[in-house]
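Asker: For reference, the structure I am asking about is given below.
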């Protein structure tokens with residue numbers, strides 16, 4: 001989580017972190033979003049609507065190995081428990097959005 005958010009900044013690159021969870025299995029993806037918008041406009045999981053594998057490959061964090069299969073229009077991820085046990089999950093856009101439990105800014109850099 002960021003420590004300060006300037007309400008007067010409009011042109012900035014935000015790093016948005018999305019947490020996915022099922023039971024006590026967790027994974028994270030983080031991506032950079034630029035442009036002339038801020039706040040709640042950037043806090044959504046639209047990556048499951050628009051991002052393809054090339055976009056996912058540019059994420060700054062992907063500890064759950066999120067991938068997208070264009071042929072089947074399906075995402076796959078590996079969520080991990082604190083003890084290291086893993087759970088592979090897969091689903092369409094809505095099923096992945098249903099796993100989102102947190103969205104936050106982890107970095108904001110003025111352009």
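Asker: Would you calculate, for the chain, the mean residue ellipticity at 222 nm contributed by helices, counting each DSSP H stretch of 4 or more residues as -39,500 (n - 2.57) and dividing by all residues, to the nearest 500?
Answerer: Mean residue ellipticity at 222 nm (helix-derived): -2000 deg cm²/dmol.
Asker: Mean shadow of the range 12-110, computed from the convex hull of its alpha carbons, in nm²? It would help to have the intermediate numbers written out before the result.
Answerer: Working: hull surface 24.9 nm².
Value for the range 12-110: 6.2 nm².
Asker: Hey, another quick one. Which order do 50, 105 fall in if you start with the one that has the fewest other Cβ atoms within 10 Å?
Answerer: 50, 105
Asker: With contacts defined as alpha carbon pairs under 8 Å and 6 or more residues apart, what's the relative contact order of the chain in percent?
Answerer: Reported relative contact order: 39 percent.
Asker: Between residue 1 and residue 61, what FRET efficiency follows from the Cβ-Cβ distance if R0 is 22 Å, with the result rounded to 0.05?
Answerer: According to the calculation, E is roughly 0.95.
Asker: Hey, another quick one. Over the range 55-111, what relative contact order in percent results from Cα pairs under 8 Å that are six or more residues apart?
Answerer: 21 percent
Computed from the coordinates by the stated procedures, all read-outs in this text should not be read as laboratory data. Nothing here was measured: the structure is a model prediction, and the numbers come from that model. Reconstructed Cβ throughout: ideal geometry from the backbone, glycine too, with neighbour counts over all protein chains shown.
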